[in-house]
Amino acid sequence: MGASVSCAHSPAGGITFGSRIILSLLWTPDELMGKPEDKFAVRHTASFNRNPPQRTIPGNTRAPLNPELQNSIRRVEPRNGIKAIALTFDLCESATEKSGYDADIVNYLRENSVKATFFAGGKWMLSHPDKTMQLIADPLFEIGNHSWSHANFRMIDSDRMDTQILWTQAQYELLWEALLERVIAKQIDPSEMNKIPRTPLVFRFPYGACSPLALDKLKRYGLPAIQWNIVTGDPARSRSSKEIAKVILQQIRPGAIIICHANGRGYGTAASLPFFVPELRALGYDFVTVSELLTHGPAVFSKDCYELMPGDNLRYDRTIGVKPSDNR
Ligand SMILES: [Zn+2]
């Protein structure tokens with residue numbers, strides 16, 4: 001399908017993430033705006049939880065990672081003092097819910113041309129196909145893999161790790177293909193799809209929890225493990241928009257990776273954007289996607305995964321991933 005569709009790199013070698021033509025011809029402005037109620041999570045039935053994607057093994061594979069990308073990446077050290085930073089939003093969805101889509105965040109980013117990376121669960125993509133296609137098609141946004149159903153990778157075995165990683169790669173691929181079909185049906189030049197990566201290029205561990213085996217799998221699957229060095233704490237209902245902005249403005253540095261949530265669990269996140277985006281731009285910072293950030297300099301990494309200090313996320317292992325239903 002689509003003989004001219006091959007890779008997502010421009011002739012200059014820069015990575016591109018979408019097509020303004022596709023985005024504007026497939027959806028009306030109203031459809032892109034979404035609805036406030038999209039933000040709310042819905043608990044769903046056990047039967048839905050066990051649905052795999054229509055394809056469980058991705059057709060496209062990636063080359064294994066080079067040594068400099070094989071650990072847990074916390075930030076980048078940009079060359080020549082370039083003030084590039086990556087704003088990231090997780091779209092987490094566990095086995096027992098349909099989580100939300102925070103339209104206010106996406107709309108602010110679009111209105112202000114802010115590049116960002118969304119780490120989407122494969123199950124989130126399956127339950128939000130149209131929103132996922134909109135994000136995939138948007139040149140501002142990179143879509144990373146955030147596991148299938150938000151498993152704790154310190155608590156699952158090797159087979160489940162494969163499922164969590166590969167089902168998500170496959171689900172993205174299915175939606176990429178569905179997008180191509182819509183492009184063809186709308187008589188848009190299918191070569192526009194060359195601007196959109198064929199698979200997610202980066203991965204984020206749920207709870208920031210990894211293990212040597214999990215890192216080894218990502219190495220083989222060619223997916224760098226992207227952590228963060230600035231934690232906004234936005235899943236806490238008590239965290240105000242101004243507090244989120246303050247943390248970011250105090251801790252910002254060139255090459256920073258900031259973690260927020262766009263699945264409805266970032267309570268003050270959307271309202272925090274006007275408090276820090278213009279200010280960071282005034283300071284000369286440039287918002288880029290994670291894969292672009294990785295081209296600006298060497299990754300600063302750790303052998304372990306944690307929130308801000310080694311060991312600080314071990315508490316999740318006592319409560320999350322203990323029941324089989326937690327991890328699929
Ligand atoms: Zn998450």
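The values are calculated or read from the model by the stated rules, or taken from the named source; none is laboratory data. Note that the structure is a prediction, hence the values are computed from the model and not measured. Positions of Cβ are backbone-derived with ideal geometry, glycine not excepted, and every protein chain shown enters the neighbour counts.
Here are a few things to note about the model shown:
- Failed criterion for Met193 (all others in (1) more than 16 Å from the chain's Cα centre (by Cα); (2) surrounded by fewer than 24 Cβ atoms within 10 Å (Cβ to Cβ); (3) not aromatic (Phe, Trp, Tyr) hold): (2)
- On the stretch given as the range 117-156, residues that are assigned to a strand (DSSP E or B) and buried (at least 24 other Cβ atoms within 10 Å of the Cβ) total 8.
- The set of residues in the range 234-247 being closer than 16 Å to Ile105 by Cα, surrounded by 15 or more Cβ atoms within 10 Å (Cβ to Cβ) and of a type outside the set (S, T, N, Q) consists of Asp234, Pro235, Ile244, Ala245.
- Scope the range 237-277; condition of a type outside the set (D, E, K, R), farther than 19 Å from Gly34 by Cβ, more than 16 Å from the ligand (Cβ to nearest atom) and in contact (Cβ under 8 Å) with a residue 40 or more places away in the chain; matching residues: Ile252, Pro254, Gly255, Ala256, Val277
- Only helices (runs of 4 or more DSSP H) whose full extent lies in the range 266-320 are considered here, and the ones with at least 1 residues that are surrounded by 14 or more Cβ atoms within 10 Å (Cβ to Cβ) and of a type in the set (Phe, Trp, Tyr) are 269-282, 316-319.
- Residues satisfying the stated conditions in the range 68-113, i.e. in a loop (DSSP other than H, G, I, E, B), among the hydrophobic types (A, V, I, L, M, F, W, C) and buried (at least 20 other Cβ atoms within 10 Å of the Cβ): Cys92, Ala95
- Within the range 224-233, tally of residues that are away from the ligand (no atom under 13 Å from the Cβ), in contact (Cβ under 8 Å) with a residue 60 or more places away in the chain and either within 15 Å of Phe118 (Cα to Cα) or surrounded by fewer than 18 Cβ atoms within 10 Å (Cβ to Cβ) (or both): 2
- Filtering Leu280, Leu249, Leu213, Leu273 for residues that are within 19 Å of the chain's Cα centre (by Cα), among the hydrophobic types (A, V, I, L, M, F, W, C) and modelled with pLDDT of 95 or more leaves a single hit, Leu273.
- Any chance Glu173 is in contact with a helix residue (DSSP H, G or I) (Cβ under 7 Å, 6 or more places away or on another chain), under 18 Å from His128 (Cβ atoms), of a type in the set (Asp, Glu) and more than 14 Å from the ligand (Cβ to nearest atom): no
Per-residue answers, yes or no, for (1) within 15 Å of the ligand (Cβ to nearest atom); (2) touching a strand residue (DSSP E or B) at 6+ places or on another chain (Cβ under 8 Å); (3) touching a residue at least 24 places away in the same chain (Cβ under 8 Å); (4) over 28 Å from Ser24 (Cβ atoms):
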residue	(1), (2), (3), (4)
Thr96	yes, yes, yes, yes
Ser99	yes, yes, yes, no
Leu109	no, yes, yes, no
Lys131	no, no, yes, no
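- A Cβ distance below 8 Å, combined with a sequence gap of six or more or placement on separate chains, defines the contacts here; from the range 194-216, residues that are within 25 Å of Ile22 (Cβ to Cβ) and part of a loop (DSSP other than H, G, I, E, B) reach residues that are away from the ligand (no atom under 13 Å from the Cβ) and basic (Lys, Arg) in the pairs Thr199/Arg62; Leu201/Arg62.
- Matching residues, the range 27-55, being at pLDDT below 95 and among the hydroxyl-bearing types (Ser, Thr, Tyr): Thr45, Ser47
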